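Novice: Got a structure for you, written out below as structure tokens; questions coming shortly.
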Amino acid sequence: MTTSDQSRSKNFIVVGAGIVGSSIAYHLTRRGAEVTLIDAGAVGGKATACSWAWTNASFGNPKPYFDLRSRSMALWDKLGAELPDLPYRRTGTLYADNDRFSVEAFVENHSQWGYDCRLVTRDQARQYEPAVKVLEGPLAIAEGEGQVEATAAAQVFATEARKAGAMVFTGIGIDAVSVDGTGRVDGVVLDAAPLKADEVIVAAGTETRRIVEPLGVNLPMRSPPGLLVTTRPLPRLFDRLILLPDLHVRQLPDGALLAGTSFTGEETDAPPEAQAEALVQRIRDMIAGAEGAELSHWTVGHRPVPEDGFPVIGRPGRIGGLYIATMHSGVTLAPVVGELVAREVIDGTRDPLLAPFGPDRFQDN
């Protein structure tokens, strides 16, 4: 019996159609599996739609997490070549933010790991991105990093999964995960009706904890808010992602600028409208050609962050039939999570890259 024949003997429910869940559904259907993808909202989810959508293995990543992210960056390049409609671009990043981290330490550490990053002079940085007005301190370029239009990418994954036979249900949330008489997960309850599966994969972002805790799975999570602003479209000003003090900004395909202030989330007393206007003013001050930038809209997204900051990817030991895939860095990790989860649930082979990220690390907490 071939691997594809084996996979058709099992069917999977994927709960959550953000970029991670949609990637899992896509990779499962590529292996011939029967898949049902479900989301209470639209394809693209909540956190996905509110992401700056930067693909990277950048500063602050210990080596095991760096390795996982780097593998996924390479898969973004591969998928970008395979799926013409996938809105991914490897553009590189200009690092000019010495307030939140040491650019020199980042380059020294990551270049030893084989990361495509290097220090550049101020004149070189100006040649790369002349629109950046203020360039202070050590500067760096990381050529392998990129950007994704995350909601559209999730839609491409879900569409490809549907073409391969997946059922996709949106606008309807699950009532609960169902358990059979042996204590094993056997499906979900959907609009008061049972929907059976051999395995349920929960990739529901901030909703994951609520879904799995009734099953006895401890999953401590945080959901810090993150403000992003989108300007009205402007002429093309720069190509790379730009990291500046209290500002990260990239230019969307339509010319609009997408910007935020913090990657880890922030709680302030200021109303989001005032924060958004202040952020647009920072764009005007920092980017030449954006002096007339106008706010189009803002979003506040809540990031699904496991308590220790690292992904939760795997089967809990205390209950069968359940797989969890939740993380803040969903845009970067979506391809590798999709590929490795599909391999594990179909072939029974867990990749060593996932070893530090299983859900059972929280069970004694």
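Novice: Out of all the residues in region 89-136, which are of a type in the set (Ser, Thr, Tyr) and farther than 18 Å from His248 by Cα? Before you say what the answer is, go through the steps one by one.
Specialist: Initially, region 89-136 is screened for residues of a type in the set (Ser, Thr, Tyr), giving 91, 93, 95, 102, 111, 115, 121, 128.
Across region 89-136, the qualifying residues are Ser111, Tyr115, Thr121.
Novice: Name the residue, out of Phe59, Phe106, that is touching a Phe, Trp or Tyr at 6+ places or on another chain (Cβ under 9 Å) and at pLDDT 95 or above.
Specialist: Details: Phe59 fails: at pLDDT 95 or above.
Checking each option against the conditions leaves just Phe106.
Novice: While we're on this one: Name the single residue, out of those in region 341-350 being without any contact (Cβ under 8 Å) to a residue 40 or more places away in the chain and either in contact with a Lys or Arg (Cβ under 7 Å, 6 or more places away or on another chain) or of a type in the set (A, V, I, L, M) (or both), that is surrounded by the most Cβ atoms within 10 Å (Cβ to Cβ).
Specialist: Among them, the one singled out is Glu344.
Novice: So which residues in region 66-103 are assigned to a loop (DSSP other than H, G, I, E, B), at negative phi and open to solvent by less than 40 Å² (accessible area, probe 1.4 Å), if there are any at all? Can you show your working first?
Specialist: So in region 66-103, the residues assigned to a loop (DSSP other than H, G, I, E, B) come out as 83-87, 90-92, 96-102.
Narrowing the set further to residues that are at negative phi leaves 83-87, 90-91, 96-102.
Scanning region 66-103 gives Leu83, Leu86, Pro87, Thr91, Ala96, Asp97, Phe101.
Novice: Mind listing whichever residues of region 7-50 are of a type in the set (S, T, N, Q) and either modelled with pLDDT of 95 or more or under 19 Å from Lys196 (Cβ atoms) (or both)? Spell out how you get there, then give the answer.
Specialist: From region 7-50, those of a type in the set (S, T, N, Q) are 7, 9, 11, 22-23, 29, 36, 48; that's our starting set.
Ser7, Ser9, Asn11, Ser22, Ser23, Thr29, Thr36, listed by residue number.
Novice: Among the residues in region 106-113, are any in a loop (DSSP other than H, G, I, E, B), free of Cβ contacts under 8 Å to residues at least 60 places away in the same chain, open to solvent by 10 Å² or more (accessible area, probe 1.4 Å) and more than 17 Å from Val337 (Cα to Cα)? Break it down into steps so the answer makes sense when it comes.
Specialist: Step one: list which residues in region 106-113 are in a loop (DSSP other than H, G, I, E, B), which gives 113.
From what is left, the residues that are free of Cβ contacts under 8 Å to residues at least 60 places away in the same chain are 113.
If we keep only those that are open to solvent by 10 Å² or more (accessible area, probe 1.4 Å) too, we end up with 113.
Now narrow it down to the ones that are more than 17 Å from Val337 (Cα to Cα): 113.
Scanning region 106-113, I find at least one residue that is in a loop (DSSP other than H, G, I, E, B), free of Cβ contacts under 8 Å to residues at least 60 places away in the same chain, open to solvent by 10 Å² or more (accessible area, probe 1.4 Å) and more than 17 Å from Val337 (Cα to Cα), so the answer is yes.
Novice: Taking region 133-179 only, how many residues are assigned to a strand (DSSP E or B), open to solvent by less than 60 Å² (accessible area, probe 1.4 Å) and either of a type outside the set (S, T, N, Q) or within 30 Å of Ala193 (Cβ to Cβ) (or both)?
Specialist: As a first pass, look at region 133-179 and keep what is assigned to a strand (DSSP E or B): 139-142, 146-148, 167-170, 174-179.
Adding the requirement that they be open to solvent by less than 60 Å² (accessible area, probe 1.4 Å) leaves 139-142, 146-148, 168, 174, 176-178.
Within this subset, residues satisfying the condition of being either of a type outside the set (S, T, N, Q) or within 30 Å of Ala193 (Cβ to Cβ) (or both) are 139-142, 146, 148, 168, 174, 176-178.
Counting residues in region 133-179 that are assigned to a strand (DSSP E or B), open to solvent by less than 60 Å² (accessible area, probe 1.4 Å) and either of a type outside the set (S, T, N, Q) or within 30 Å of Ala193 (Cβ to Cβ) (or both) gives 11.
Novice: So how many residues does region 206-220 have that are open to solvent by 20 Å² or more (accessible area, probe 1.4 Å) and under 16 Å from the mean Cα position of the chain (by Cα)?
Specialist: So the answer is 2.
Novice: Right, another one. If you check Thr182 against the conditions, is it touching an Asp or Glu at 6+ places or on another chain (Cβ under 6 Å), surrounded by fewer than 21 Cβ atoms within 10 Å (Cβ to Cβ) and of a type in the set (S, T, N, Q)?
Specialist: On the way: touching an Asp or Glu at 6+ places or on another chain (Cβ under 6 Å): no; surrounded by fewer than 21 Cβ atoms within 10 Å (Cβ to Cβ): yes; of a type in the set (S, T, N, Q): yes.
No; evaluated as a whole, the condition is false for this residue.
Novice: Being under 19 Å from the mean Cα position of the chain (by Cα) and polar (S, T, N, Q) is the filter here, so list the residues in region 127-176 that pass it.
Specialist: Across region 127-176, the qualifying residues are Gln147, Thr151, Gln155, Thr159.
Novice: If a residue must be out of contact with any strand residue (DSSP E or B) (no Cβ under 9 Å at 6 or more places or on another chain) and either without any contact (Cβ under 8 Å) to a residue 12 or more places away in the chain or at positive phi (or both), how many such residues does region 49-65 contain?
Specialist: Total satisfying the criteria: 3.
Novice: Then there's this: Kindly indicate whether any position in region 302-323 is assigned to a strand (DSSP E or B), out of contact with any His (no Cβ under 9 Å at 6 or more places or on another chain) and either open to solvent by 60 Å² or more (accessible area, probe 1.4 Å) or free of Cβ contacts under 8 Å to residues at least 12 places away in the same chain (or both).
Specialist: First pass over region 302-323, keeping only residues assigned to a strand (DSSP E or B): 302, 305-306, 312-314, 322-323.
If we keep only those that are out of contact with any His (no Cβ under 9 Å at 6 or more places or on another chain) as well, we get 302, 312-314, 322-323.
Filter again for either open to solvent by 60 Å² or more (accessible area, probe 1.4 Å) or free of Cβ contacts under 8 Å to residues at least 12 places away in the same chain (or both), leaving 302.
Yes: region 302-323 contains one or more residues that are assigned to a strand (DSSP E or B), out of contact with any His (no Cβ under 9 Å at 6 or more places or on another chain) and either open to solvent by 60 Å² or more (accessible area, probe 1.4 Å) or free of Cβ contacts under 8 Å to residues at least 12 places away in the same chain (or both).
The values are calculated or read from the model by the stated rules, or taken from the named source; none is laboratory data. Being a predicted model, the structure only gives us computed values, none of them experimental. Backbone-built Cβ (ideal geometry, glycine too); neighbour counts: all protein chains shown. Just the protein is used for accessible areas: all its heavy atoms, side chains included, with ligands, DNA and RNA removed. Shrake-Rupley method; radii C 1.70, N 1.55, O 1.52, S 1.80 Å.
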